[in-house]
Amino acid sequence: MRQLNSPHSPGWLALVLIGISLTGCTSWWGGSRQGASTSLQTVQDDLQYAQLKTRETRKALDDVKFADEADLPRAYRAFRDEVNFMTGAGEKLVQHADGMHYQGNSYLVEAESSAGECRYPRLSRNARLPRMELGDAFEPIAEQGQAVQRAYRAFEFDIGAIEEHLSRELSEQGVRDMEIFMRKSEVDADNLLYELEAELAAVDRARKAYDESPRGTGAGTP
């Protein structure tokens, strides 16, 4: 009798390839987070997306704050959706901060070999991607990534507490009960935007340093 779950079956291989394509250049084969990588461009894109989501989450919260009883359900649903988007954006910030903290410069790979463009692990000679040689320019990105992570955690706590309370007490009084958290969220949102801008500046400096390096200019390559 043929075994449907045989590792040699075409169906199993298709699932493997799909799984690998969804995880990009992470160390899927090893089953751990060690060896994950991304490009400097991806870090920049994720920082800019987090900026956008921070502003939009803050606006959605303002809409809740000033909504009347009739409009409150709609405003709350929009805010809840933005909280979910912000959480997704924040997970990327944490991933990058942890990746640079624990893996160092090896976390960042050549821009043309970003996570979305990499080859399947162990299925090609390009499985090991060359890291970006950023030199001293790497450290400010890693340090600022930790600052961004701390700022995000504070903002995440604020909006999470507000969303959770309103899910149980969706009323004008429920909104008033969250006034302290709402004021705190404004301060923490400003702080997060400040730290995101600072890391983007560090990324931009690193990109310029890399472009001016022998490897970035292509000098010395065969």
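The values are calculated or read from the model by the stated rules, or taken from the named source; none is laboratory data. Small disclaimer: the values here were computed from a predicted structure and weren't measured. Quick reminder, even Gly has a Cβ in these numbers, built from the backbone with ideal geometry, and neighbours come from all protein chains shown. Surface areas here come from the heavy atoms of the whole protein model, side chains and all, with no ligands, DNA or RNA. Shrake-Rupley method; radii C 1.70, N 1.55, O 1.52, S 1.80 Å.
One line per residue, one yes/no per condition, for (1) within 21 Å of residue 92 (Cα to Cα); (2) out of contact with any Pro (no Cβ under 7 Å at 6 or more places or on another chain); (3) open to solvent by less than 30 Å² (accessible area, probe 1.4 Å); (4) not in a helix (DSSP H, G or I):
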{"position": "159", "(1), (2), (3), (4)": "yes, yes, yes, no"}
{"position": "175", "(1), (2), (3), (4)": "no, yes, yes, no"}
{"position": "184", "(1), (2), (3), (4)": "no, yes, no, no"}
{"position": "191", "(1), (2), (3), (4)": "yes, yes, no, no"}
Scanning segment 24-47 for residues that are among the hydroxyl-bearing types (Ser, Thr, Tyr) and at pLDDT below 90, the one farthest from residue 105 (Cα to Cα) turns out to be 32
- Task: Looking only at segment 55-73, decide whether some residue is modelled with pLDDT of 95 or more, in a helix (DSSP H, G or I), open to solvent by less than 60 Å² (accessible area, probe 1.4 Å) and under 30 Å from residue 206 (Cα atoms).
- Result: yes
Of the conditions (1) at pLDDT 50 or above; (2) touching a Phe, Trp or Tyr at 6+ places or on another chain (Cβ under 8 Å); (3) part of a loop (DSSP other than H, G, I, E, B), the single one that residue 128 does not satisfy is (2)
Subset of segment 75-99, residues open to solvent by less than 40 Å² (accessible area, probe 1.4 Å) and acidic (Asp, Glu), comes to 82, 98
